[in-house]
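Visitor: Attaching a single structure in C-alpha cells format; questions to follow.
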Amino acid sequence: MRYLMLQENSGLQFVALPESHMYQLVALFKRLHKEIDKLTISDRPVLPTVLAECADLELLGSELSITDGLDYVSGLERRFASLQESEYPLISLLTEIRALQAQLEFLNEEE
C-alpha cells in the first residue's frame with residue numbers, strides 16, 4: 001500500500017492506494033492541474049496540491065485519517081461529473097478519472 005499526502009483547503013488529506021496504481025493517481029492530478037484553467041465555467045473545482053507519496057504512514061493526530069483510494073477517486077469523479085461545462089471537452093478528463101475508478105473497483109472485487 002502507498003499513501004499520497006494532499007493539501008486541501010480543509011487541511012491535509014491522506015489517500016491509500018495499492019502501489020501498482022499510485023502512479024496513475026499522481027499522473028491524473030498532474031493532468032487535472034494542467035487542464036483545470038482551460039475550463040470555461042466560473043466555479044472550477046479546487047484541486048489539492050500533491051505534497052508527498054510514501055510507503056509507510058503512521059498518523060499521530062486523532063484529527064487525521066486515511067481515505068481509501070477508491071472512495072477518493074469516486075468523490076473526484078462526482079465533482080467533475082456535476083460540472084456544467086459546455087466549451088471544454090470535459091469528457092476526456094472524466095474518462096481518465098473513470099478508468100482509474102474502474103481499475104480500483106476491479107481490485108476491490110478481486111480481494
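Residue by residue, here is whether (1) at pLDDT below 95; (2) in contact with a Gly (Cβ under 8 Å, 6 or more places away or on another chain); (3) in a loop (DSSP other than H, G, I, E, B); (4) within 15 Å of L90 (Cα to Cα) holds:
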position: S20; (1), (2), (3), (4): yes, no, no, no
position: I41; (1), (2), (3), (4): yes, no, yes, yes
position: L47; (1), (2), (3), (4): yes, no, yes, no
position: D71; (1), (2), (3), (4): no, no, no, no
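Visitor: Taking into account only those residues within region 49-69 that are exposed (fewer than 11 other Cβ atoms within 10 Å of the Cβ) and polar (S, T, N, Q), which is modelled with the highest pLDDT?
Guide: Of everything passing the filter in region 49-69, T49 is modelled with the highest pLDDT.
Visitor: What residue, among those in region 1-44 that are in contact with a helix residue (DSSP H, G or I) (Cβ under 7 Å, 6 or more places away or on another chain) and among the basic types (K, R), is surrounded by the most Cβ atoms within 10 Å (Cβ to Cβ)?
Guide: Taking the candidates together, the pick is R2.
Visitor: With the condition kept exactly as written, say whether any residue in region 55-65 is assigned to a loop (DSSP other than H, G, I, E, B) and either aromatic (F, W, Y) or touching a Lys or Arg at 6+ places or on another chain (Cβ under 8 Å) (or both).
Guide: Checked region 55-65: at least one residue is assigned to a loop (DSSP other than H, G, I, E, B) and either aromatic (F, W, Y) or touching a Lys or Arg at 6+ places or on another chain (Cβ under 8 Å) (or both).
Visitor: Then there is this: What residue, among those in region 73-111 that are at pLDDT below 90 and among the small types (G, A, S), is surrounded by the fewest Cβ atoms within 10 Å (Cβ to Cβ)?
Guide: My answer is S86.
The values are calculated or read from the model by the stated rules, or taken from the named source; none is laboratory data. Worth saying up front: this structure is predicted, and the values here are computed from it rather than measured. When we count neighbours, we look across all protein chains shown, and the Cβ atoms used for this are built from the backbone with ideal geometry, even at glycine.
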